[in-house]
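Q: Below is a structure I'd like to ask you about.
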Amino acid sequence: MPATGTSETMNIVLVHGGFVDGSGWAAVYKILKKDGYNVVVVQNPTLSLADDVAVTRRAIASQGGPVLLVGHSYGGVVITEAGTDPKVAGLVYIAAFAPDKGESVSSLIKDPPPGAPVPPILPPKDGFLFLDQAKFHFSFAADVDVDTATFMASSQVPWGVEALAGTITEPAWKTKPSWYLVSTEDRMIPPPAQ
């Protein structure tokens, strides 16, 4: 819903997932800004969950009022942990992980259901993960044009193995209003893990 003429415009903080940076939110950012929202796009280092939560909490703190946190993919883990902040009014998960207390990305993907998509993640190198560039378009960015997907594959952000192991201490979705968009055609996170 578009922002209203009230004195308090909703602040929206967009949190990206693994392998990419906040620029993936560009189209959403433009729509939300056009509709009158205050929008901040987080640039998480994806080294550890604790680091990403700290960066997201700084973004929350910089806002002058209530915040709606929006997370995609691994960004869902980040908003689950960072969302306990008193300024957070709600959480939106978009094809994202929404772990419970003690869960991590590693624990959620440990035993995929039969027939689940297998992301083309290459073996860790120096503590970081990358997606196979040749399979990036099909698996990660199937709904964008080839040139954009090729650029995304070439500019992907190393995802720290430590970030996947970070566990949730208090899931915000248990105490805050939350919404979830399940992507039935996601090739990275199967619907049962979303």
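The values are calculated or read from the model by the stated rules, or taken from the named source; none is laboratory data. Note that the structure is a prediction, hence the values are computed from the model and not measured. For neighbour counting, all protein chains shown are included, and Cβ atoms are generated from backbone atoms with ideal geometry for every residue, glycine included.
Q: Looking only at region 1-31, count every residue that is assigned to a helix (DSSP H, G or I), at pLDDT 95 or above and surrounded by 20 or more Cβ atoms within 10 Å (Cβ to Cβ) and tell me the total.
A: The total comes to 0.
Q: Pick from Val88, Val78, Val55: which is within 22 Å of Ala141 (Cα to Cα) and of a type outside the set (Gly, Ala, Ser)?
A: Just one listed residue meets the conditions, Val78.
Q: While we're on this one: Looking at the structure I just gave you, is Leu47 in contact (Cβ under 8 Å) with a residue 24 or more places away in the chain, surrounded by 15 or more Cβ atoms within 10 Å (Cβ to Cβ), over 20 Å from Lys176 (Cβ atoms) and in contact with an Asp or Glu (Cβ under 9 Å, 6 or more places away or on another chain)? Can you show your working first?
A: Details: in contact (Cβ under 8 Å) with a residue 24 or more places away in the chain: yes; surrounded by 15 or more Cβ atoms within 10 Å (Cβ to Cβ): yes; over 20 Å from Lys176 (Cβ atoms): yes; in contact with an Asp or Glu (Cβ under 9 Å, 6 or more places away or on another chain): yes.
Yes, satisfied.
Q: Does Ala153 satisfy the criteria of being of a type outside the set (Asp, Glu), modelled with pLDDT under 90, assigned to a helix (DSSP H, G or I) and closer than 25 Å to Asp51 by Cβ?
A: Against the criterion (of a type outside the set (Asp, Glu), modelled with pLDDT under 90, assigned to a helix (DSSP H, G or I) and closer than 25 Å to Asp51 by Cβ), Ala153 qualifies.
Q: Which of the numbered conditions does Lys135 fail, given that it passes all the others? Conditions: (1) part of a helix (DSSP H, G or I); (2) modelled with pLDDT under 75; (3) charged (D, E, K, R).
A: Looking at each condition in turn, Lys135 falls short on (2).
Q: Which condition number does Ile168 fail, the rest of (1) outside any loop (DSSP other than H, G, I, E, B); (2) modelled with pLDDT of 85 or more being met?
A: (1)
Q: Just the residues that are buried (at least 20 other Cβ atoms within 10 Å of the Cβ) and polar (S, T, N, Q), please, taken from region 75-121.
A: Thr80
Q: Looking at (1) surrounded by 15 or more Cβ atoms within 10 Å (Cβ to Cβ); (2) at pLDDT 80 or above; (3) of a type outside the set (Gly, Ala, Ser); (4) closer than 24 Å to Gly83 by Cα, which is the only condition Leu129 fails?
A: Exception for Leu129: condition (4).
Q: Collect the residues in region 81-125 that are in contact with an Asp or Glu (Cβ under 7 Å, 6 or more places away or on another chain) and assigned to a strand (DSSP E or B), keeping them in residue-number order.
A: The one that is in contact with an Asp or Glu (Cβ under 7 Å, 6 or more places away or on another chain) and assigned to a strand (DSSP E or B): Ala95.
Q: Further, regarding this structure: Spot the failing condition for Val78; the list is (1) of a type in the set (Val, Ile, Thr); (2) part of a helix (DSSP H, G or I); (3) over 25 Å from Gln156 (Cβ atoms), and only one is missed.
A: (3)
Q: Does region 106-115 include one or more residues that are under 23 Å from Thr175 (Cα atoms) and touching a Lys or Arg at 6+ places or on another chain (Cβ under 6 Å)? Can you show your working first?
A: The first filter runs over region 106-115 and keeps only residues under 23 Å from Thr175 (Cα atoms), leaving 107-108.
Subsequent filtering for residues that are touching a Lys or Arg at 6+ places or on another chain (Cβ under 6 Å) retains none.
Among the residues of region 106-115, not one is under 23 Å from Thr175 (Cα atoms) and touching a Lys or Arg at 6+ places or on another chain (Cβ under 6 Å), which makes the answer no.
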